[in-house]
Amino acid sequence: MTPVTDPPAEPVSIRPLQPMAGEGEGAPTAVRHIPPPNWIGRPISRAMEKTPDAAAWLAYLPAVVAAAAFLWFCTMVGAVSEGAVLTWTRPWIGDLGIETTFLVDGLGLMFALLVTGIGALIFLYAAGYFAGDPRRARILTLLSLFAISMLGLVLADDVVTLFLFWEGTTITSFLLVGFDYQKAYSRRAALQALLVTGLGGLALLGGLVVLGEAMGTYRLSEWNAVPDAVKASGVYGWVLPLVLLGAFTKSAQFPFHFWLPGAMAAPTPVSAYLHSATMVKAGVYLLMRLTPSMGGTEAWFWILTVFGAATMLIGSIWALRQSDLKQMLAHTTVMGLGTLVMFLGGGTEKAVIGASLFLVVHALYKASLFLMVGCLDKKAGTREMDQLAGLSKAMPITAAAAALSALSMAGMFPFIGFLGKEVMYEGAFKIVTEPVLVTGAAYLANAMMVAVALIVAVGPFHFRAQRSPKDNPADPSWALLAGPVVLAVLGLAMGLFAPLTGDLLVIPIASAILGRPVDYHLYLWHGVNNAFLLSLATFFLGYLFWRGGREFRKGLSTAEKKGLISADDLYDRVLEGVERIAKKITGGLQNGSLPFYMRGTFAAFAAVIWGTVALSDGGRAMPQPDIPLVNYATLGVIMVGAVVTILTRSRLTAICALGAVGTGISIIFVLYGAIDVAMTQLMIEILVVVFLAIALLRLPRTPDRQGFRVGDAGIAAMLGLGTTIVLISVLATPLDMQLTEFFEAKSAPEAFGRNIVNVILVDFRALDTMGEIAVIAIAAIGAVAALTAGRRLSFGPVQDPARDAEDAS
C-alpha cells in the first residue's frame with residue numbers, strides 16, 4: 001500500500017523557502033543523507049511486523065489508554081467543582097527543597113481533560129490516517145510522549161517538575177513538526193519552532209528560579225497563596241519579563257506568532273493536537289496559573305492586553321489571506337491565543353470567566369475543524385479552497401461536522417461558541433481601564449472569525465458544482481470521522497446544557513485563575529443586551545468580510561509584493577545576520593595559528609587577573625613572606641629553565657628546559673609535604689619531555705624557532721606578575737576551613753571512604769573527574785590522529801626512505 005502523506009499546498013502567507021543543500025533542480029525527491037529517526041517507535045514497529053493481525057488493534061492502544069485516563073479525570077469533576085484541590089507529592093531533591101508535586105484544581109483538571117479527551121480522538125484519527133503507513137508506530141509513539149509531557153506540565157505544582165515537562169513538550173513537538181524530515185520546509189519549521197520556544201523556555205527557567213529563591217519555595221500554589229509578597233518582592237520587575245517571554249514564545253504571541261503557521265508542515269493529527277488544543281496553550285496555562293501571584297499590576301495589564309490584542313488582530317487578518325484551509329485555521333489559532341492573553345490581562349472577574357469559557361470553546365471547534373480539513377485532504381485530494389466545491393453530497397458526514405464546528409466558531413446560538421462570544425463581550429465591557437480597546441479588538445477579530453467559519457463550512461461543500469482533484473471523493477473511515485463528529489456535537493451539547501457546563505467546568509477554571517471562589521452562573525440566553533447586539537453586528541461585519549474575501553486576499557497579496565515584511569521574513573534575516581557575525585568571529589579567532597590562540601588565551605587570563613586586582617583589595621596588603629634559603633635555590637632552577645626556554649632557538653633544548661621548570665615545581669611540592677602531587681608532576685614532566693622529543697623526530701624539519709618577542713614577553717610578564725600578586729594576597733588572608741571541615745565530616749558517613757582526596761575525586765567531584773578523563777582521552781585521540789595523518793598506522797617500524805637516507809648520511 002502506498003504510504004499516507006500529508007502534503008500541504010504551498011502556504012501563501014509565508015515566503016517561499018530557499019532550497020537547502022542537495023534540494024535544487026535535478027535533486028532527488030528524497031534526501032538520503034539525513035538518517036531517519038528509526039529509534040522512535042522501532043520496538044512497536046517490529047512487534048507489528050511479527051504479528052500483522054494484531055497490528056491494527058495495537059495501533060489503537062494509545063487511544064484506549066487516553067480514553068481511560070479521560071474517564072479517570074472525569075471522576076474528579078464533581079469534587080473539584082465543589083472547591084476541592086487534589087495533591088500528590090513525592091520527595092525529590094530534599095537538600096534543595098524540590099519535590100515532585102502534582103496538583104488538580106479546576107484549571108489543571110480542565111487541561112487534563114483536554115489533553116486526554118481530545119488526545120484519545122487524535123490517537124484514533126492518527127491510527128486511521130496512517131493506516132498502511134510504516135511510519136504509524138513512530139507518529140503514535142511521539143504523540144504519546146507529547147501527551148505525557150503536556151499532562152505533566154498542566155498538573156505540576158513544583159517549578160522544576162513543570163519546567164522538565166515544559167521542555168518535554170518542546171522536544172516532542174520539534175520531532176512531530178519535523179516528522180516528514182525529508183522535506184526542507186518540515187525541517188525548517190521544526191527548527192524554527194525549537195529555536196523560538198527553546199529560547200523562551202530558557203528565559204522562563206531563569207525567571208522561575210529567581211522567583212523561587214526569593215520566595216523560599218518552588219511551589220506555585222504557595223506563591224499564589226501570598227500574592228502580595230510576590231509583587232512586593234524586589235525581583236518582580238525582573239522576573240515578569242522573563243516569565244512573559246517564555247509564555248509568549250510558547251503560545252505564539254506577537255512578535256513570536258510566526259512559528260505556529262509554519263509548524264503546519266506537521267501532519268494533520270499533529271496540527272490538530274499540538275497547535276490547536278494543547279501545546280500552544282501551555283503558555284496561556286502558565287499565565288492563568290500565575291495570575292493570582294503575578295497578575296493585577298499595571299505592567300501585567302498593559303503587556304498582556306496590548307500584545308494579546310495585536311496577536312488577535314494579526315492572526316485574524318492573515319487568516320483571511322490564506323487559500324490553504326489548514327493555514328487559515330492555523331492563523332485563527334493565533335487569533336484565539338491572542339484573545340485568551342488579552343482577556344487575562346484585563347483581570348476582572350467577567351474577563352477571566354470569558355477567557356475560561358473561550359479556552360473550552362476554542363479547543364473543541366478548532367480540533368474538530370483541523371481534523372475535518374485532514375479528511376478533505378485525504379479523500380478529496382487537497383486543502384486549497386479554490387479547488388474544492390460542492391462536496392456535501394459526496395462527503396455528507398464531513399460536511400455536517402464542518403458545519404457544526406463552524407457554527408460554534410462563528411458564535412451561533414445555541415452552540416457553546418455563542419456563549420463564549422457573549423461572555424467575552426460582557427467581560428470586555430467590564431474592563432475599566434481600556435474597554436474600548438479590548439471591545440474593539442474583540443469585535444474585529446470575531447467578525448473575521450465569522451468570515452473564516454463561512455469559508456471553511458460553505459466553500460468546499462455548498463452552492464457550486466462538485467469539484468476536487470480526486471474523481472470520487474467520499475467520507476473517510478469511522479476512525480477519521482469520530483474525532484470531528486464527536487467534538488462538533490459536543491460543542492452543541494455543552495451549549496444546550498450551559499448551566500451544567502458552567503458549574504462543572506468553566507467556573508472552577510475561573511476560580512483557580514483568580515485564586516478565590518467565583519459566584520457566577522452560565523445561561524444560554526442572557527436576554528437582549530449590549531453583548532447580544534454586538535454579536536448581531538459581528539455577524540453582519542463577518543458576512544461582509546466573507547463576501548469581500550477574494551478582494552481582501554488580493555489586497556494583502558499586493559502589499560506583500562510591494563515589500564511588506566512579515567515576522568517570518570524578519571526571523572530569516574536575524575538568522576542570516578547571526579550566521580554572518582558568527583562567520584566573521586570564527587574567521588578572526590580560528591585562523592589556524594596555535595601561537596595566536598595561546599596569545600589570546602593568556603592575554604584574556606591576564607586581563608581577568610588584573611581586573612580582579614583593580615576591583616578588589618587584592619593588591620593593597622602585601623605581606624612579607626619568610627622564604628627558606630632552599631626555596632630560593634629551587635626558584636633559581638625554575639628561573640634558569642624559563643630563561644633558557646625563552647632564549648634558545650632549538651626546540652629540543654626548549655623542551656628540556658621546560659621540563660626543568662616542571663621539575664623545580666615538583667620539588668616545591670615535596671618541600672611542602674605534597675608528595676603525591678609532586679610524584680604526579682614529575683611523571684607528567686618526564687612523559688611530556690620524552691613524547692615531545694619523539695614527536696619532533698617524527699615531524700618534518702622546519703626552520704628554527706624565532707628569538708625573543710617583546711609582545712609575548714609582555715603578556716607573560718603581566719600574567720605572571722598578576723598571578724603572583726593575587727596568590728600572595730590570598731595567602732595573607734586567614735585560611736577558611738569550611739570546605740576542609742565539610743569533607744572531613746562527610747567523607748566517611750556519606751561516601752564511605754577515609755581517603756579524603758580520593759573521595760573528593762570519585763564522589764564529590766565525580767562529573768568533574770569524568771570530564772577530565774574525557775579531555776585526556778580526546779587529546780590522546782587527537783594526538784594519534786595528528787601523528788598518523790597521511791600514513792597507515794602500523795605497530796612495526798614506519799618506513800620513511802627519505803628520512804632513512806638522511807640518517808645514513
Q: Just order 391-398, 255-262, 359-366 by mean Cβ neighbour count inside 10 Å, highest at the front, would you?
A: 359-366, 255-262, 391-398
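Percent relative contact order of segment 250-373, based on C-alpha pairs within less than 8 angstrom and at least six residues apart?
The value is 34 percent.
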Q: Note down the relative contact order for the chain as a percent, whole number, built from C-alpha pairs under 8 angstrom at least six residues apart.
A: 10 percent
Q. When the convex hull of the C-alpha atoms of segment 174-274 is computed, what volume per residue in Å³ does it have?
A. 106 Å³
(Q) Suppose we take every Cα in segment 260-338 and form the convex hull; what volume per residue is that in Å³? (A) 73 Å³
**Q.** Cα gyration tensor shape for segment 312-369, rounded if a/c is under 1.5, else prolate or oblate
**A.** oblate
Q.
Explain nothing, just the number: relative contact order of segment 393-472, from Cα pairs under 8 Å at least 6 residues apart, as a whole percent.
A. 34 percent
Q | Principal-axis tilt of helix 594-615 within the chain, Cα atoms, nearest 10 degrees | A | 80 degrees
**Q.** For segment 65-169, convex hull volume per residue from C-alpha positions, Å³
**A.** 98 Å³
(Q) Let me test this: with uniform point scatterers at the alpha carbons of segment 340-411, what is the Debye-based log₁₀ I(q)/I(0) at q = 0.13, 0.15, 0.25, 0.28 1/Å? (A) -0.50, -0.60, -1.08, -1.24
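So what is the calculated 222 nm ellipticity per residue for the chain, using -39500 (n - 2.57) for each DSSP H run with n of 4 or more, over all residues, to the nearest 500 deg cm²/dmol?
-22000 deg cm²/dmol
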(Q) I want the local charge near MET448. Using Cβ-Cβ distances under 14 Å, sum +1 for each Lys or Arg and -1 for each Asp or Glu among the other residues. (A) +4
Q | Nearest 10 degrees, 0 to 90: helix 549-561 Cα axis against the chain principal axis | A | 20 degrees
**Q.** Cα principal axis extents for segment 623-675, largest first, Å
**A.** 37, 25, 16
Q. Based on the mean of other beta carbon atoms within 10 Å per residue, what is the order of 159-166, 726-733, 268-275, most packed first?
A. 268-275, 159-166, 726-733
(Q) Can you give the local net charge around PHE596? Use residues other than it whose beta-carbon is closer than 13 angstrom to its beta-carbon, Lys and Arg +1, Asp and Glu -1. (A) +1
Q. Can you tell which of TYR597, SER233, MET372 lies farthest toward the positive end of the dipole of the chain, using +1 and -1 charges on the Cβ of basic and acidic side chains (Lys, Arg; Asp, Glu)?
A. MET372
Q) At a Förster radius of 35 Å, what calculated FRET efficiency corresponds to the Cβ-Cβ distance of LYS430 and ALA79, to the nearest 0.05? A) 0.70
Q | Percent of alpha-carbon pairs separated by more than 12 Å within segment 94-140 | A | 71 percent
Q: Sorted from largest down, give the three principal axis spans of the alpha carbons of the chain, whole angstrom values.
A: 102, 66, 58
Q) Sorted by average packing, counted as other Cβ atoms within 10 angstrom per residue and highest first, what order do 749-760, 98-109, 321-332 take? A) 321-332, 98-109, 749-760
Q. Hey, what angle do you get for helix 567-589 against the long axis of the chain, alpha-carbon based, 0 to 90 degrees rounded to 10?
A. 10 degrees
Q | Long pairs among LYS281/LYS378; LYS281/LYS393; LYS326/LYS583; LYS250/LYS350; LYS430/LYS554; LYS231/LYS326, criterion Cα-Cα beyond 32 Å | A | LYS281/LYS393; LYS326/LYS583; LYS430/LYS554; LYS231/LYS326
Q: Calculate, in nm to one decimal, what ALA232 and ILE686 gain on full extension: separation in residues at 0.36 nm each, minus their alpha carbon distance.
A: 157.2 nm
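No lab work stands behind these numbers, since they all come straight from the coordinates. From a predicted model like this one, the values you see are computed outputs, not experimental measurements. All Cβ positions, even for glycine, are placed from backbone atoms using ideal geometry, and neighbour counts span all protein chains on display.
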